[in-house]
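Below is one structure, written out as structure tokens; the observations come after it.
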Amino acid sequence: MWSVSSLGVAICALVSAEQSFSGFPIRFANPVLVGEPQVLGVAQMVPVDLDADGAVDIVGVGSNVLQIYRNRGGTLRRVHSLTLPPGAIPFDPQLATADVDSNGLVDVVAVMGGGIHYQLFRQQTDGTFLREDLGIPAEFYFPKVALADVNADGLADLVTSDPLIVHLNQGAGEFAAIGEPVVETFTHFRVGQVSGTGHPDIVTSASGQVLVHENQGTGLLALSGTHSVPILTRTDLADFNADGIDDLVQTEPVPLHHVRVSLGDGQGGFATSDLIDTGIRPERTTAGDLDNDGWVDVIAALGDARTVLLSLGGGDGTFVPGPQLAVPLAGPGAAVPFIPDVDVADMDGDGRLDVMVATYNQGIAIFRNRTGVSPRFKDNPLQTVR
Ligand SMILES: [Ca+2]
Ligand SMILES: [Ca+2]
Ligand SMILES: [Ca+2]
Ligand SMILES: [Ca+2]
């Protein structure tokens, strides 16, 4: 059933064609656009099932706006848009999601709005969100945040910077800092399993190096490894060879134009296994098994904000760089490329990971994964209402 939308005609036209690639096993429908095309729109997004109904929703954050898109039967609808006074707005808003108060509803922590503090948005039973300023100042250009259970008590804890500090969840989404702050210059961090201890560790990255802060099991950190990298990179973690240890995937911008993949050895060390040539500046990466062959693939949003490079993993840390999805940008402001965000999730529940791109000023483009589906087979596309 088509959604009632002024976009209806445009959506019909878009989904009539696919983006398929000669010699490549993966295929995607032309995307649908979700959200208002606007300046200062969504700069980062997280696909997450907010209300445990089995359908993946989207949380988006811009410089001073938080947007919630609910997925109802494959239709994404923006149900919540919370705008803070702009004031000083961070260059690179960050967000993380988890149920911090154990009420079965996913909450959101974001760095946005005037004052550059970490904001907790607690999801209420009616699906709205209540904002609470956590009073933790954030670094202006590259604020960072993660939510992860660092001490195995079943509660999502908070990691912030700069400096790097772990805040333990006291049980109801109240947080208390532990340990000595890690004073170190870095531009990004990620939480993952890199030391093989079974506890989530923290990996920081800066120009020239990646540092591993091993979690002692209590959330207290100890520096356990360093890995040299050529230039400023943005780091993500994923397990590309299925050994239970997270590996690095990093963007290397001008002048290298690489996505670098390095396999973790479980001791805090990494060895480069592949360099994916992206041609133009890679901005953001994510990872997921696009073709359901059991090996995690790499998805990179490129700096022109118009293309997404898909590279299929071979299970050994090497990749076959492949097709580029074309992001539809049109209308006023479309010619101004901005750092896009990219993520994957099965938005329509067909068992295939779909790709989504936050284009910043043109809303979120969702590419439905059609890999393995006969082109003759017609079924309803993912539909949207603004
Ligand atoms: Ca909650
Ligand atoms: Ca691995
Ligand atoms: Ca794969
Ligand atoms: Ca899907």
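Each reported figure results from applying straightforward, stated rules to the coordinates on display, with no laboratory input. Being a predicted model, the structure only gives us computed values, none of them experimental. Positions of Cβ are backbone-derived with ideal geometry, glycine not excepted, and every protein chain shown enters the neighbour counts.
Rounded if a/c is under 1.5, else prolate if a/b beats b/c, else oblate: with a ≥ b ≥ c from the C-alpha gyration tensor eigenvalues square-rooted, which is region 102-225?
Numbers: a/c = 2.16, a/b = 1.34, b/c = 1.62.
Cα axes put region 102-225 in the oblate bin.
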### Task
Give the long-range amide H neighbours of L232: residues separated by 5 or more places, or on another chain, with amide H under 5 Å away, using H modelled in the peptide plane at 1.01 Å from N.
G208
### Task
Find the centroid of the Cα atoms in region 218-251 and in region 167-208, then give the distance between the two in whole Å.
12
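Please work out the FRET efficiency for the pair A177 and D304, using the Cβ-Cβ distance as r and a Förster radius of 30 Å; give the result to the nearest 0.05.
Numbers: r = 40 Å, r/R0 = 1.35.
Between A177 and D304 the formula returns 0.15.
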### Estimated distance in nm for a label pair at V320 and I280, the labels positioned 7 Å out from Cα along Cα-to-Cβ
2.6
### Query
Order of 177-187, 21-31, 93-103, 263-273 by packing, highest average Cβ count within 10 Å first?
93-103, 263-273, 21-31, 177-187
### Task
Extending each Cα 7 Å along its Cβ direction at D289 and S207, get the distance between those two points in nm, one decimal.
4.0
### Cα gyration tensor shape of region 190-317, rounded if a/c is under 1.5, else prolate or oblate by comparing a/b with b/c
oblate
### Task
If a/c stays under 1.5 just call it rounded; otherwise compare a/b with b/c (prolate if a/b is bigger, oblate if not). Do that for region 174-238, with a ≥ b ≥ c from the square roots of the Cα gyration tensor eigenvalues.
prolate
